Amino acid sequence: MMLTIQLIEKLEFALAYAKAHEFTLMEALLDEVRDGSYDITPRQSAFLIRTACAAVEHVASAFDPLSSAETALAAIARAKGAGQFDNAGLSAA
């Protein structure tokens, strides 16, 4: 089971691949992120992660990739913000 932070990192790498037109690598990472998101609670965080996946995916087919990349970054930031809140209770006790 992946932590939210690991999924966010994979989203960031997927966005980098989308910007570099490495669509096969992007898709592979997004599949991993989507699959991993179903184990995330609360559901709001999982939803934000899958929304960010769609935003990253859109970069690959957008007429304006720069604007789409900014939208994807914003979606990733929202997912990251929710993930930081979710993982705040974790400690190495």
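The values are calculated or read from the model by the stated rules, or taken from the named source; none is laboratory data. Remember, predicted model here, so these are calculated numbers, not experimental data. All Cβ positions, glycine included, derive from the backbone under ideal geometry; neighbour counts span all protein chains shown. Just the protein is used for accessible areas: all its heavy atoms, side chains included, with ligands, DNA and RNA removed. Shrake-Rupley method; radii C 1.70, N 1.55, O 1.52, S 1.80 Å.
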Q. Given only helices, namely DSSP H runs of n ≥ 4 each adding -39500 (n - 2.57), what is the per-residue ellipticity at 222 nm of the chain, to the nearest 500 deg cm²/dmol?
A. -26000 deg cm²/dmol
Q) Relative to the longest principal Cα axis of the chain, at what angle does helix 4-19 sit, 0 to 90 degrees, rounded to 10? A) 10
Q: Could you please state how large a percent of the accessible area of the chain is carbon and sulfur, counting protein chains only and using a 1.4 Å probe?
A: 60
(Q) Accessible area per residue for the stretch 1-76 in Å², computed with a 1.4 Å probe and the full protein assembly in place, what is it? (A) 58
Q | 5 angstrom amide H check on Met2, placed H, neighbours 5+ away | A | none
Q) Cβ under 13 Å from Glu27's Cβ, Glu27 left aside: what net charge do those residues give with Lys, Arg +1 and Asp, Glu -1? A) -3
Q) Along each of its three principal axes, how wide is the spread of alpha-carbon positions in the chain, in whole angstrom units, largest first? A) 47, 21, 20
Q) What FRET efficiency do you get for His58 and Tyr38 if R0 is 22 Å and r is their Cβ-Cβ distance, rounded to the nearest 0.05? A) 0.55
Q) Short version: ³J(HN,Hα) in whole Hz for each residue of the stretch 41-47, in order, from phi by Karplus 6.51 cos²θ - 1.76 cosθ + 1.60 (θ = phi - 60°), x for Gly and Pro, what are they? A) 10, x, 4, 4, 5, 4, 4
Q) If one takes the longest principal axis of the Cα atoms in the chain, at what angle in degrees, from 0 to 90 and to the nearest 10, does the Cα axis of helix 23-37 lie? A) 20
